[in-house]
Every structure is written in structure tokens, then in C-alpha cells.
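Here the structure comes first, spelled out in C-alpha cells, and everything after it is commentary.
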Amino acid sequence: MAKYAMVINQERCMGCAACSIACKNENNVGDGKFWSHYIMETTGSFPDIRQNYISTLCNHCENPPCEAACPTTPKSMYQKADGIVMHDEEVCIGCRACENACPYGVIYYNEEEPFQRYREGEGAEVTERVGGEHFPYYNPDRAATYAGVRRANKVEKCTFCDHRVYNGEDPYCVVACPAVARTFGDLDDPDSEVSRLLAENDHFVLKPEEGTNPKVYYIKKYDVKE
Amino acid sequence: MKITRRNFLEGAAVLGFGAFVYDQGRRRRMETLQADEDPTRTEEIGELVSGEWRPTGCLGCTSWCAKEVYVVDGRAIKVHGHPDSKVHGSADCPRAHLAIQQVYDPDRIKQPMIRTNPNKGIDEDPMFEPISWDDAMDLFADKIMELRDNDETHKFGLFRGRYTNINGLLYGNLPKIIGSPNNISHSSICAEAEKFGPYYTQGYWNYRDYDVRNTKYMICWGVDPLNSNRQVSHYLNVFGELLENGVQIATVDPKHSSTAAKSHVWMPVKPGQDGALAVAMAHVILTEGLWSREFVGEFNDGGNHFVAGETIDEGDFNEVHTNGIIKWWNLELKDRTPEWAEEIAGVDAATIRKVATDFGNAAPEALVFMGGGSNMQIRGGYNSMAVHALNGLVGSAEHEGGTITGRSAKLGSFTDPAEFMDEIAQRNSGKQKIDQRGYKNLPALKDGKSGGGVVTNRVADAILAEDPYLPKVMIGYFCNFNYSCPEGERWNRAMEKIEFFAHCVTHYSEMSHFADLLLPSTHHMFEQMSSAAQKGNGYTHLWIGERLIDPVFDAKNPESELPWMLAEKLEEKGFSNLMDYLKTFSDPETGAEPTDGMELETNCFKILTEPIWNPVKYEETENQGTKYNSWDEFLDAGIWNSDAYEFRKLWSNMPTATGKFEFYSETLKNALQEHADKHETDIDDILATCNYDVTGERAFVPHYEEPFMLGEESAYPFTFVDAKARLAREGRSSNCSWFQDFKDVDPGDIKWGDSIKMNPEDADRLGLEDGDMVKITSPSGEATATLKTWIALRPGTVQKNFGQGHWAMGHVAAEDYEGRKARGSNNNDLLGAEYERLSGSTAFYGSFRVNIERA
């Protein structure tokens, strides 16, 4: 069984957010929800400035607090044998316990049905004319393993694009990154690119003190100034 | 029972739900895999849908990337870079994705509409009502026939914003056949000053390409290639490789840009002071003996006599591929030490010296990548020359690892319209264009000619002043000058005066508000055939895309279907010249005349690209790159790539007056002299009229000019730094929710909002805090925005990105669309309508002061 992980090369990352926009596109993520996002920080004092940009997404933790907090049976948030922390939207009761437990803030809750703009008025007419369920550019691939669009009173988050991974494709953020900053693969395979990158580079994870053992790793630094 | 968060929290039962029906892969063949360690949980893994990646391209900015679009069941779902492009490969800039939201935007114009309220004004409701395409074009043709009947066809005009390769028909030739000189492009609100320097040094009026893969040192000057200019997909892709390979990068920009974060050195030049920095670097390169012996030449005695403050005898230096190095030194550079520049430019002398020295040592594999920031300034023309001239000094112009001009695809041409221009058309199309180009105070010296280039933003003033005359019937496409030009308020008043205006665009916009006819345009990327060429990475690609989806609404291609429909109507009314002309656009394969606008569309692209896909023409035109055997084969591939660039072919073969790279520009001298002669005056007078303070011989060398600022410092204490929002798609994407959701990808900006950034020291002094609403005032207007403190900005400057401030584009872009209330504000409401007059370029940078106070 694989142990999936992602390595983000901060030096290669150009801070453009193509990953995050493409993620919405691939996963039918509504406005205001971010399966993929970023933290931007500017530090120093003029003119000695450093900019930082850290891509964020579900860390697919080895010890996922979201799973621990999930009260349903079976768990709505649960870790699979390959390390992907998956969400079962059918079982989810929208209690938001996972959202509160996640130290990374990468779980989002739908207060209302997403894609409201396409559910009424002229937007609905466009969807009806064009097809595509829910909204005109709806990606049916997402529904291969999960709800194509998550409904009101449910949470949602990154699944490492499991629907693509199980079909032999990389997660869409990896493919869409124009800077080739992201590598996805199997930590159990010592010859995999992710294993090699981690072996050859100093790396860090977000909030190691939480003891979650994230599976999203970062190497090198974003701002290249001394 | 519906289990909700509330009743869960209240202690209700938490078991026994899950009976909802979801949209799990209704259309797919399913297979079941056991992928879970929990034996009780069975998961179905569906296959991915079988769509098709089909070629097209993106005109969301001047990068003009080749794309592929994923089409599933007739819907466009995703976009990525065309993997076969030698310019950028499959790399895809972030804003390309937004095109998907543009094409399916419910706020698009859905059918032709006619204005029923004859009163035009910002506060007038145009009261648009649906009209058929047939009636709309009938009305438009009536208006043109009226001009023809009254012998005032020159009062017809066409505005072009963005465009495809076939624009030569609508933009180039249609106005001529009707009888008008007035085809007005957007070019001078884009980059003309940026082209001015390369033209008046090396005879190239165009964007350059940069051989970054072979360079050792790169200076990004007034340009943010990871963000907005140019070939962003390529630079996003290649930058990591450059860093890994040890390429040294310096960025010159008043703000800490996206590229500055990826640079080893940030030189935060004071706005408008780029010229001081450039001439000081040139001074260092010469005094340190780092100029190119091969390209520039050497002293007769082989030594280095460039000593600060000392003049040199021209006869002592033997120049090779350049002209006037000693004149430049004597007239300008000898006193321009880094110490002189330090206070003026705001960059310490040691940094100037180090960057110039490292650059010179790395040369000739060293380049200055120049963008509009350093030169689209009121006095930016000479900055453009000075910055670009550094490439000449170190011999990197046209050299491996340097700045290059790129090679173009040789394309077919459309039928010459001359023989379809009747006597009225010939006479009236020779009249003065309405943008006042070539007037004494607007030389617009494109390609070395007085009035050679467009002065886009001047048209509003010209209309208001009716000088040279008041146009009556106009059409605009893929443009929104009321929003995209500084001081758009003038455009509002000007467009009120136009008797009849048709606007052919995808979205209603600020300019549409003054239209008599709204004509829905197809989206270039998906709904029409489309093609454009662009260079980058040492190659030029030319992409072509078919209609990938049915137009979502009743939209037509403005560049082909629209002229066809107009021609039909004009023919019905007794003027058949346009239709006669269009019928010459025969299919190059079958010889068949077009019989409708769709066939015209195909034929236009087929004619234009014939030297690419027809092997016989390919040989004749000496195209060099991908070879195709047929139109179908080319269309199927969707992309042509040139062979790699050939370096140094232009050395001593430059299209300048001397054939050399000119540090002393005989080419500029000739152009200025021609313009001065035309206005019966001398060059000094012309330069003074154009807001320059130079006189005499220094006018012909790159030299320092103190910035010309609009607004007194006492009343407007902050210098304003404009930049383009990363996802702006040239101001057209703010009705996409992804633009708003990711607005904060511009460092310091805020989602779904608009901020102006200020150094915290200044904010403290003014008693302002992060998040305060502030009023920004300039001599020409005011705006409001949310204040954000940002340390990556020089005290005394404020920075705001262009992209918000649409009140007319739709429900997402506007805060209150029905109430015509914009989300945020438009930078162009703060910038005065001024020009770098020698190029005709509108000034956007380094020329503006503002005041900030709590709103």
C-alpha cells in the first residue's frame, strides 16, 4: 500500500495561486472555500524586505485531528490505508467538529448550497442551456469518488485529488502548477520523487508541534535573498 | 429526519443518516475497488470522463499563450498550456483559468440590444431593449449610409482593444472602404514608450524576447514577469530553473513585486527615477571597463579612458557595432556616478555599483528585461532608451543570453482594399485621424514617423474639443476605454457626444453604457475561430483554435461575422463595395467565395496562415519552423513553432539610420527633425512642448530627466505606484468570482475588495490604521479604498493595483450592480490623462502624486 505525500519546493513556487484556482476548477469548490490556499507574509523593514508565500492544503496528517474529532459512525473524516484523509459527505452531519479540530484551518463548512449564482435566475438559465449539473463548468470527474458538489450543512476539504490519483493521474494542483513546484508520490517507495526530494533536502512541515505528522512537506525557501 | 449541526449539538441522535442522493458519477461506467482499510466501508472509484483537449489560445493579456481546453459534452471545463508550444509548454499562468468563468458568465450580453433612452450620461438608464441581429445591423448600416450620403465618411470610427490575427480586415481595411482614417487601437495605453527605447537605439518598435535560459544575470526593470508582463506562463515556468542554475537576478521596481521576491537584489527605485539609475549603471560599466569590446569596440590604445568627469576625444575610440559611445559619455555619462544617483534614485551607491559590476562581469550573457514601469512616464522616453541601452553597452543585444528581437511567422495577406475604395473613401480616409497624432505636442514617433503611432487616450479630448472634428458613427470591440484609460470621466463626456455608438463585447461595461447598440461578442478562446502569435523562450509560436463550443449566447465574432452582416446591409442599401471586397476572401483550397460570416471567419484565418499550412507557400515565404501538409493537419495540431532564434544576425545590420546600435541616436534626431520641420520649428521647441527639459545634443542620447509629476508635493505628498492585479486579464476578469476570491494573491491586497498600500511609518504619521477606509485624491480625481499597511513600500509612496472599480461589468465585479456602485475603485480615476508624447504612450507610472485621508 502506498503512503501518499506531497513536497512543495518553495524556491520553485512563484506565488501565483494557479494551484488554488485550478483546484477550485477541478474539485467544483464554491466561492469563499479553499481546498488549496496560501499564507503570505511580508517581513523586514524597508528596503530590506522578505516575502513569503506558503501554499496550504489538507496535510493528510498521519494523526488526523479531524478524524479523531469526527463523532459519526462510521467516521465522516477518516484516513485511508494509503494515508489520504478522506471525507464521506453522506455520513457527514455538518457538526464542524473536524473544522474546529484541524490546526491548519483547511476544512470548510457550507453554510448554504454552493454555486448560488448558478442556481437561480440568469445563472440557472445558463446552466440549463449548457448542461453540466449545478453550474456550467461543473467537472464530472470529481464525482468519481466523492460528492461532485458538496451540499449545504456539510464540510469539505482537499482529498489529494483521490479521484485522479486512483485513476493514475497526479493531483490537479501538481499538474496546474506552472512552476513545477509540487511533487506528489509514495513515501513507501524509496525511489519515488517525493522520497528522493525529502532525502536530499532539508524540509519542514507546518505546525510540527501539533504532532499531526503532516504529509505535505516543504523544501527550500521562497524569497531567495540572502 | 434531517440531521443538522444544530440538533447534533443539542444532543440529538448521531446515527442512521446517509440516505441522501448524491451526484456520484451518473454518466460514467463504474467499477468498484476496495481502497479502504475499513472493511465496512466500500468505495466506488469511478473513471474520469473522456473529454477532449482541444487547441486554442488565450488573449487575456499580451502573453498570448497557446492553450488547450478540455471539452466534455460540448462544455469547456478546464484550460492548460498547449504542451507543444516551444514558448511555454504546458505551463499555464493563473489567470488563464478565469476564462472559463468569463465564457459562462450569466452577466454576459445575451442578445443584441438597442438603447431606447436617447439621453446619454453616467446617470442615465440607457433602457436597452432586445433587437434582432438583422434589425441591429440594418440600423448600423443606415447610419453609415447617412455618412456616405453627406460625404462625411471620415466621421466613422472604429475602436479596437484586444484582437486576433485577422483584425486586419475589420480594424485595418473596413474603415478605409467605408471612407475613414479612424481605426483607433489601444496600443498606446499598452506599451508604446517601452518600444520607444529599443526603436531609437536598435530600430525595433516592438516587445523584445529574452534568452533567459542562457543568461547568467538578469535585471527585471519596471517589469514583473511572474505577474503580468510578459509571457507570464513561460517565466513562471523557467524562473525556478534559473534560480537552481545560479542565475543572478535583480529587480528594479518601486514596490517589492512578485519578481522581487525571487530576485537576489531588489532596487526600490523612486517612482520615475529609473533614468538616474540607468545612466549611473552605464557610468559604472564604462569606468570599470566592463563594456563589450566585441560589440562596442575599444580605445585605440587598448586602455580604458572612461574616467569620471573627464571628456574623451571621439577619435580615440574605435567603435564596432554601435554608434556614439563617446558622445554619450561626454554628453551624459561622465558625471553620472552612483554617488550622484544615490539620493535621486533612492538606491544606495554601493548597490548600484555592485549590480552594474556583476551585470557587466556576467555579460554578454546578461540582460535587462525592460517593462513599461520604467518608461510609461511623462518623461519616460529617454528612460526607455537608457535602460535598454545597457544591453547594447555589454553586447547582449541580439546575443546568446541577452535581449533578442525574435523571429516572426511569415503570414498571408488580405486583399488590398484600395480598389474597393471609391472616390469618397479615398478622399476622406486621407483626412487627419481623430487622435491628434502628429500634432506639435503629440509627435507619436512610432517607426520614426511623425504621427506614426496612435494616441489612444487623446481621442476623448479630441472628441470633446471637436478637434480635428466630431466623429458621428463609431463601433468599438474588445475595448472599454472609459475604464482602461486614465481620466475615464472624459471618455464618459466624449461618448455622450457620439451620435451613434455600437459596442461589440462579451460583457456590458463602462463604455457600453454610452452605446446605442450592444452587440454580443463571442469569447475569443472558446466560441470563435481564433489565432495569435507570440514570442518567448527564443521561439515564436502561432496558435489557432476552432470554435470549441457553441456560443453560450447569441453572440457573433466581431472580426468576421459582424463585417459580413454589415456588408449585406450596406449592399441592400446600394453600397456594395464592402461585400465585393469580402467576396475576394475565397477559400485558398477550393477557391469558393464565402457565403456567410462563418465562412468568412474560416477563410480569413485560412488565408492568413496559408504560408504555415500550405507547403508550397511555406517554401515561397521561407518560413522556418514546424512544417504542415494541410490546413486540417495544422488546425488539428493548433500550433506552429518557429525554429530557434538566430543570434547576432542584426549586428551592424540594425534598421537604424546608421545600421548600428545607437547610443547617439541619429534615428531619433531624424524623426524629431521631421516633426519639427512639419511644425516649422526646432527640436528644442518640440521637446519643451512635450514636457521634456532637455535641449541641444543631449536630446539624442539616453539621458536623465527629472520626473514630470502631476500634482504639487505640498498638496499631494504621496507618489502613486500603479501596478496590474495578477488575475486582471487586462481589466476584464473582475466579474469572475475567482478573481475576487484570489484578489489577495497580489501581496498586501484583500479578497473581494480593493486596497491601497502604504508604509506603516506613513500610516502612523497620519493616524491611520490597517483596514481604515481612505479617500485618495489627485489633481484629476478621487477614489476610495481600504488602507493596508505594507512594509514592502518606500515611505512617501502608496501602491494600488488596477483591476477593481467596475460598476458596469456585472454582479460580481460591482458591489451593487443595479445601483451602479463599483467594488473598490479604478486607478484610472486618479491618474491624469498625460502622455509620454514622443511615443504617444499614456503615462501610468512615475508621474503622479496623491493625497490620502480618512474617508
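Here are the numbers for the structure shown:
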{"read-out": "Prolate/oblate/rounded label for segment B:532-593 (Cα gyration tensor, a/c 1.5)", "value": "prolate"}
{"read-out": "0 to 90° range, to nearest 10: angle between helix A:18-27 axis and chain A longest Cα axis", "value": "30"}
{"read-out": "Counted charge near residue B:769, where neighbours are those whose Cβ lies closer than 11 Å (Asp, Glu -1; Lys, Arg +1)", "value": "-1"}
{"read-out": "Dipole of the protein assembly as shown, positive direction: furthest Cα of B:603, B:167, B:275, with charges on the beta-carbon", "value": "B:275"}
{"read-out": "Highest-fluctuation residue, A:205, A:106, A:130 considered, GNM on chain A with Cα pairs under 10 Å", "value": "A:130"}
{"read-out": "Estimated vicinal HN-Hα couplings, Hz - segment B:760-767 in sequence order (Karplus 6.51, -1.76, 1.60; Gly, Pro = x)", "value": "x, 4, 5, 4, 4, 4, 8, x"}
{"read-out": "Between segment B:400-429 and segment A:193-208, the alpha-carbon center distance in angstrom", "value": "55"}
{"read-out": "Relative contact order computed over chain B (Cα-Cα under 8 Å; 6+ residues apart), in percent", "value": "18"}
{"read-out": "Whole-Hz ³J(HN,Hα) from phi, Karplus 6.51 cos²θ - 1.76 cosθ + 1.60, for segment B:233-244, glycine and proline x", "value": "4, 5, 6, 4, 6, 8, 4, x, 5, 4, 5, 5"}
{"read-out": "Shape of chain B, Cα gyration tensor, a/c cut at 1.5", "value": "rounded"}
{"read-out": "Separation of the residue A:63 and residue A:125 label points, Cα + 7 Å toward Cβ, nm", "value": "5.7"}
{"read-out": "Averaged over A:78-88, number of beta-carbon atoms from partner chains that fall within 10 Å", "value": "3"}
{"read-out": "Unpartnered cysteines - no second Cys beta carbon under 4.7 Å - across chain A", "value": "A:13, A:16, A:23, A:61, A:70, A:92, A:95, A:102, A:161, A:177"}
{"read-out": "Neighbouring partner chain Cβ atoms per residue of B:233-243, average, 10 Å criterion", "value": "5"}
{"read-out": "Charge dipole (debye, nearest 20) of chain B; +1 at Cβ of Lys and Arg, -1 at Cβ of Asp and Glu", "value": "1000"}
{"read-out": "Per-residue average of Cβ from other chains inside 10 Å of A:34-46", "value": "4"}
{"read-out": "Kirkwood hydrodynamic radius of the protein assembly as shown, Cα pairs, Å", "value": "30.5"}
{"read-out": "C-alpha center-to-center spacing [segment B:646-709, segment B:486-559] in angstrom", "value": "36"}
{"read-out": "Set of aspartates and glutamates near residue B:569 by C-alpha distance (under 17 Å), chain-local residues within fewer than 8 positions excluded", "value": "B:134, B:135, B:138, B:142, B:146, B:149, B:559, B:561, B:580, B:596"}
{"read-out": "Efficiency of FRET from Cβ geometry, residue A:111 and residue B:592, R₀ 51 Å, rounded to 0.05", "value": "0.30"}
{"read-out": "28 Å Cα-Cα threshold exceeded, pairs from B:78/B:556; A:225/B:334; A:154/B:78; B:195/B:327; A:80/A:207; B:556/B:606", "value": "A:225/B:334"}
{"read-out": "Nonlocal amide H pairs with residue B:775, under 5 Å, H built at 1.01 Å", "value": "B:853, B:854, B:855"}
{"read-out": "Amide H within-cut-off set for residue B:660, under 5 Å, with H built and near neighbours excluded", "value": "B:654"}
{"read-out": "The protein assembly as shown, helix-only ellipticity at 222 nm - DSSP H runs n ≥ 4, -39,500 (n - 2.57), divided by all residues, nearest 500", "value": "-6500 deg cm²/dmol"}
{"read-out": "Segment A:64-98-segment B:132-200 distance, computed between alpha-carbon centres (Å)", "value": "60"}
{"read-out": "Vicinal HN-Hα couplings computed from phi for segment B:302-319 (Karplus, 6.51 cos²θ - 1.76 cosθ + 1.60; Hz; Gly/Pro x)", "value": "x, x, 10, 9, 7, 10, 3, x, 9, 7, 10, 6, 4, x, 7, 10, 9, 8"}
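Any read-out appearing in this document is the output of simple, stated calculations on the displayed coordinates, not a laboratory observation. As the structure is a computational prediction, the values presented were derived from the model and not from experiment. All Cβ positions, glycine included, derive from the backbone under ideal geometry; neighbour counts span all protein chains shown.
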